[in-house]
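Everything on this sheet refers to the single structure shown next.
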There are 2 protein chains.
Amino acid sequence: MKLLLSFFLLTTSLVAFSQEKPNAGAAEKGLIKVSVMYPYAEGKTFNMEYYETKHMPMVAGYLGSNLVKYTIEKGLASGIPNQPLPFMAIGTFYIKSLSEYQAAIGPNRDAIRADFQNYTNVSPVILVSEVVK
Amino acid sequence: MKLLLSFFLLTTSLVAFSQEKPNAGAAEKGLIKVSVMYPYAEGKTFNMEYYETKHMPMVAGYLGSNLVKYTIEKGLASGIPNQPLPFMAIGTFYIKSLSEYQAAIGPNRDAIRADFQNYTNVSPVILVSEVVK
């Protein structure tokens with residue numbers, strides 16, 4: 001009985017510890033990122049609340065299980081002294097397949113574009129990249 | 001004895017399942033990101049191998065425990081048809097404190113800048129941002 005108990009304790013502890021991911025970045029290596037970047041310029045605006053609560057969930061909903069996760073960041077400043085803020089915000093989709101992403105976005109492109117005006121007056125730059133590390 | 005065994009099984013299973021992070025992005029919320037973004041233009045080059053094996057580890061080494069993780073991505077294309085690739089590569093530091101980051105980088109700025117020529121001939125754009133989601 002004691003031996004059986006020890007065995008169970010050992011195996012479930014091993015399962016518990018194996019779930020830890022000390023470098024969470026490693027989990028994204030090899031994924032594709034689609035980064036939607038909203039440049040800052042005088043007179044340009046960005047409504048983060050709408051973006052976070054309405055727009056991004058809407059687009060994420062189109063992507064299904066191809067979407068591993070999405071992130072949102074709010075631009076604070078340039079990292080170079082005396083340079084203006086480069087981007088007001090960036091929304092990033094981590095996906096498994098770029099072609100699946102394009103197939104999912106295609107039919108919904110008009111809806112996505114129509115929603116831009118609800119949170120910004122700038123056109124985004126969009127970068128497709130591969131996670132190296 | 002059986003009851004004790006069941007109790008142990010239950011608690012360690014709970015520990016195992018609580019380690020799972022279905023939205024790993026949540027672990028970064030509230031962190032500061034410093035994104036070093038290398039713009040693409042005709043004639044501009046980028047040596048990813050040097051960047052990944054030499055430059056980024058060097059800078060990460062200056063940052064100490066303030067650095068939660070760093071990531072590297074390789075630009076593949078614009079997400080907008082007929083637009084050129086926006087960035088060749090982006091290196092991103094996830095940090096807890098911006099002031100600690102600046103204090104760590106300051107004394108090493110010359111070394112960092114001197115290393116640029118070993119992997120690129122373009123000056124980066126640097127964005128400081130806050131992880132919202």
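The values are calculated or read from the model by the stated rules, or taken from the named source; none is laboratory data. Since we're looking at a predicted model, the values are computed, not measured. FYI the Cβ positions are ideal-geometry reconstructions off the backbone, even for glycines, and counts take in every protein chain you see. Accessible surface is based on the protein model in full, side chains and every heavy atom, while ligands, DNA and RNA are left aside. Shrake-Rupley method; radii C 1.70, N 1.55, O 1.52, S 1.80 Å.
Please compute P(r) over all alpha-carbon pairs of the protein assembly as shown, binned at 10 Å starting from zero, and give each bin as a whole-number percent.
Pair shares across the bins are 6, 26, 31, 19, 10, 5, 2, 0.
At most 15 other Cβ atoms within 10 Å and a DSSP loop assignment: could you name the trypsin sites (Lys or Arg not before Pro) in the range A:51-126 that fit?
Listed in order of number, the matching sites are A:Lys96.
When the accessible area of the protein assembly as shown is split by element with a 1.4 Å probe, what percent falls to carbon and sulfur?
57 percent
Run the numbers on chain A and let me know its relative contact order in percent, using alpha-carbon pairs under 8 Å that are six or more apart.
It rounds to 42 percent for chain A.
Please report, in whole Å, how far the alpha carbons of the range A:29-133 spread along each principal axis, starting with the longest.
41, 34, 19
Sorted by accessible area with a 1.4 angstrom probe, largest first, how do B:Glu49, A:Glu42, A:Glu100, A:Glu73 fall?
Final ranking, largest accessible area leading: A:Glu42, B:Glu49, A:Glu100, A:Glu73.
Apply the Karplus parameterisation 6.51 cos²θ - 1.76 cosθ + 1.60, with θ equal to phi minus 60°, to every residue of the range A:79-84 and state each ³J(HN,Hα) to the nearest whole Hz, in sequence, with x for glycine and proline.
With coefficients 6.51, -1.76 and 1.60, one gets x, 10, x, 6, 9, x Hz.
Average partner chain C-beta neighbours within 10 Å, per residue of B:122-128?
Mean number of neighbouring Cβ atoms from other chains: 5.
Roughly how big is the range B:36-133's charge dipole about its Cα centre, with Cβ charges of +1 (Lys, Arg) and -1 (Asp, Glu), in debye to the nearest 20?
120 debye
Report the A-B buried area as the accessible area lost on both sides summed, probe 1.4 Å, in Å² to the nearest 100.
That pair hides around 4100 Å² of surface in total.
Hey, how much of the P(r) for the range B:64-118 falls beyond 15 Å, as a percent of Cα pairs?
Summing the P(r) of the range B:64-118 above 15 Å gives 65 percent of all pairs.
Keeping every protein chain present and rolling a 1.4 Å probe, give me the accessible area per residue for chain B in Å².
53 Å²
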